[in-house]
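To start, the structure under review is shown below, and the notes come after it.
The values are calculated or read from the model by the stated rules, or taken from the named source; none is laboratory data. Please read these numbers as outputs of a predicted model, since none were measured by experiment. So basically every Cβ, Gly included, is an ideal-geometry build from the backbone, and we count neighbours across all protein chains shown. Side chains included, ligands, DNA and RNA excluded: accessible areas come from the protein's heavy atoms. Shrake-Rupley method; radii C 1.70, N 1.55, O 1.52, S 1.80 Å.
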Protein chains: 2
Amino acid sequence: MGASVTSRALAVLGAFDAEHRSLSLTDLARRADLPLATAHRLVGELHRWGALAREPNGDYVIGRRIWQLGLLAPVQSGLRQAASPFLHDLYGTTLSTVHLAVRDGLEVLYIERLAGHVSVPVVSRVGSRLPMHATGVGKVLLAYAPEEVRVEALRHLTRITAYTITQPARLLEQLRRVRAEGYATTGEEMSLGACSVAVPVRHGDTVVAALGMVVPDLRRQLPRLVSALQVAAHGIGRTLAGSASVQWK
Amino acid sequence: MGASVTSRALAVLGAFDAEHRSLSLTDLARRADLPLATAHRLVGELHRWGALAREPNGDYVIGRRIWQLGLLAPVQSGLRQAASPFLHDLYGTTLSTVHLAVRDGLEVLYIERLAGHVSVPVVSRVGSRLPMHATGVGKVLLAYAPEEVRVEALRHLTRITAYTITQPARLLEQLRRVRAEGYATTGEEMSLGACSVAVPVRHGDTVVAALGMVVPDLRRQLPRLVSALQVAAHGIGRTLAGSASVQWK
DNA sequence: GGCTCCTTTCCGTTGAGCGGAAGAGGATTA
DNA sequence: TAATCCTCTTCCGCTCAACGGAAAGGAGCC
């Protein structure tokens, strides 16, 4: 068991997520799986430092200090900056929700998003993670991921909607097609009523991110969307190549 | 001395700032004032959890996990959202650098910024802190801060440029004027060649933030800028009042 | 090879962290 | 008013995890 103080402190921080932005001490202890007295001590220290803040009602939230640190993370700097104008362009011409994601471990991490007005149920948020096998950007990232990642990811194809692909063979076949055709699609595999298209963003010849779009229906406009996405992805890639030092593993 | 494990782990995180986004283990140990072996162990744990990431060259940077957590911090949600459109409007009509800041302890914390092309040396960044007595937004926030904050802040008027105000009496007089006239100005007090104007942003009748602008010269256009800022600040305040639950202490 | 600088591993000692338990505060119910 | 049920905070003696000096392992340079 991770019983080190550090891991416990981190477990406290890890108790927060998009659905739990504010937690009482007791909740925090429960979610971090710590004895109350221990949680109390850790939380106190985190609070004193500014990693946590208290709301008027006494609940804890992530503090400004963490927010500041987060801004220093390189997730954003290079890629987000480079992508920003292209995302805006894309949004301008398609008026659909567009987003940019990277692979983090076996999940997709959304690092930028522009939300459309259109009424499509969009589950992604900036900073949220989703499984790779049920999202457009995920399929792209998986298609170009190292072999061992793909193998591992195929072992956990959890069902989300009735349309989620849960057979490894079928997904593998799709990934082969993604590589061949240069784009991925989904049809209500993550949430009903939402389809998506995505293309890889390259820096040199490695795929560093995926650029995706969510729409209510694909059939009519697929070619148009794919080419718009590819143009944008190309532009982002060019910007990246042009900028000074970029650091992806 | 802060010798607790938690405080040491936090010291490691605290070693990062805008000027030190990437640090080697040795640097990290030096900056956090920890023995190398200790730093090594802590950094290892932080890295394993995702609080830190490694660059190709082995240096450490803030990891994605922290970035994600930062997005959950309430600093942004309410205020930033409410302010965003007004900042864009302001930028559109003035084409100057505009920014939004809150008070955090005895410093100003910039939470949003739109940078102009104009060649003015702007030192603020989103997430950075600056002293209150040498910035426009700082003077505003100080003018409306609780008495004890003002007393404490006046004890450390460190000189930054030749124009920085370092006499408590002079600053107090200015703060009185800020309250009377509803805006604050600076003239090269933070960096040479940069002047600023700022106004308070109110939520109900408490000042929750300050809205500021940086320009090369104020004399010509002061009234115009002040009224533009005040209109925007008002708008933000109204949006805040309208939105559901807002949590500032 | 010999040097310097950085990273990683080892391991015996010791004091910081642990957490059950008890107390304090507050809200709701009877 | 007292009883009940929360969650939060403090206490304190035991123990095991964290500590860090030292030494080994790399990597790069002259």
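Model label sites at B:Arg30 and A:Asp33, defined 7 Å from Cα along the beta-carbon direction, differ in position by 4.0 nm.
Net charge dipole, the range A:72-191: roughly 100 debye, given to the nearest 20, about the Cα centre with Cβ charges of +1 for Lys and Arg and -1 for Asp and Glu. Chain B holds its axis-closest Cβ, relative to the rotation onto A, at the residue and whole-Å distance B:Gly70, 1.
May I ask you to derive the FRET efficiency for A:Ala3 and A:His234 from their Cβ-Cβ distance with R0 = 60 Å, giving the value to the nearest 0.05?
Working: r = 49 Å, r/R0 = 0.82.
Taking R0 as 60 Å, the efficiency between A:Ala3 and A:His234 is 0.75.
Here's the picture: a label point sits 7 Å out from the Cα of A:Asp89 along the beta-carbon direction, and within the range A:184-213 the residues with their amide nitrogen under 19 Å of it are A:198-204, A:208-213.
Report the relative contact order of the range B:5-70, percent, no decimals, based on alpha-carbon pairs under 8 angstrom and at least 6 residues apart. Worked out over the range B:5-70, it gives 30 percent. Here r is the Cβ-Cβ distance between A:Glu147 and B:Leu192 and R0 is 56 Å; the resulting FRET efficiency, rounded to 0.05, is 0.50. Over chain A, Cα pairs under 8 Å with separation of 6+ residues give a relative contact order of 15 percent. Here is the P(r) of chain B: all C-alpha pair distances, binned every 5 Å from 0, give 1, 6, 12, 15, 15, 14, 13, 11, 8, 4, 1, 0 in whole percents. Assuming charge only on the beta carbon of Lys and Arg (+1) and of Asp and Glu (-1), the dipole of chain A about its Cα centre is about 180 debye to the nearest 20. Taking every protein chain into account, the 1.4 Å probe leaves B:Asp17 with about 50 Å² of accessible area, to the nearest ten. Considering only B:Gln167, B:Gln81, B:Gln68, the Gaussian network model of chain B with Cα springs below 10 Å gives its largest mean-square fluctuation to B:Gln68. Counts of other chain beta carbons within 10 angstrom of each beta carbon in peptide B:45-57 average 4. For chain B, hydrophobic long helices are taken as DSSP H runs at least 24 Å long by C-alpha position along their axis with mean Kyte-Doolittle hydropathy of 0.5 or more; these are B:222-242. The magnitude of the dipole of the protein assembly as shown, with charges of +1 and -1 set on the Cβ of Lys/Arg and Asp/Glu and taken from the Cα centre, is near 80 debye. Heavy-atom accessible area with a 1.4 Å probe sorts A:Ser4, A:Ser196, largest first, into A:Ser4, A:Ser196.
Look at the alpha carbon pairs under 8 Å that are at least 6 residues apart: their mean separation over the length of the range A:72-213 gives a relative contact order of 23 percent.
What does the accessible area per residue of the range B:73-242 come to in Å², with a 1.4 Å probe and no ligands, DNA or RNA counted? Let's see the in-between values first.
Details: 7700 Å² over 170 residues.
Accessible area per residue: 45 Å².
Expressed as a whole percent, the accessible area of chain A that falls on carbon and sulfur atoms is 53 (1.4 Å probe).
The figure for A:Leu79 is an accessible area of roughly 0 square angstrom, using a 1.4 Å probe on the protein chains alone.
Under a Cβ-Cβ cut-off of 14 Å, what is the net charge of the residues other than A:Ala180 that fall near it, where Lys and Arg count +1 and Asp and Glu count -1?
Charge balance near A:Ala180 sits at +2.
Modelled spin labels at B:Asp205 and A:Arg179, positioned 7 Å past Cα toward Cβ, are 6.9 nm from each other. Name the residue from A:Val108, A:Gln221, A:Thr135 whose Cα lies farthest towards the positive end of the charge dipole of the range A:73-242, charges +1 on Cβ of Lys and Arg and -1 on Cβ of Asp and Glu. Selected residue: A:Gln221. The accessible area of B:Tyr110, taken with all protein chains in place and a 1.4 Å probe, comes to roughly 10 Å².
Run lengths n ≥ 4 of DSSP H only: what is the helix-derived mean residue ellipticity at 222 nm for chain B, with -39500 (n - 2.57) per run over all residues, to the nearest 500?
Computed ellipticity for chain B at 222 nm equals -14500 deg cm²/dmol.
Under Stokes-Einstein, with the Kirkwood radius over Cα pairs as Rh, the value for the protein assembly as shown at 37 °C and 0.692 mPa s is 134 µm²/s.
Sorted shortest first, the separations between the B:Arg219 label point and its copies elsewhere in the assembly read 7.1 nm; each point sits 7 Å from Cα along the Cα-to-Cβ line.
Placing a label point 7 Å from Cα along the Cα-to-Cβ direction at B:Gly58 gives distances to the equivalent points in the other copies of 5.0 nm, listed shortest first. Remark on the range B:5-70: Rg and Dmax equal 10.6, 29 Å (Cα only).
Placing a label point 7 Å from Cα along the Cα-to-Cβ axis, B:Ala18 is separated from the same position in the other copies by 2.9 nm, shortest listed first. Think of the range B:5-70 as a dipole: +1 on every Lys or Arg Cβ, -1 on every Asp or Glu Cβ, centred on the Cα centre; then among B:Val12, B:Gly50, B:Tyr60, B:Gly50 lies furthest on the positive end. Computed with a 1.4 angstrom probe on protein heavy atoms, the A-B interface buries about 3900 square angstrom of accessible area in total.
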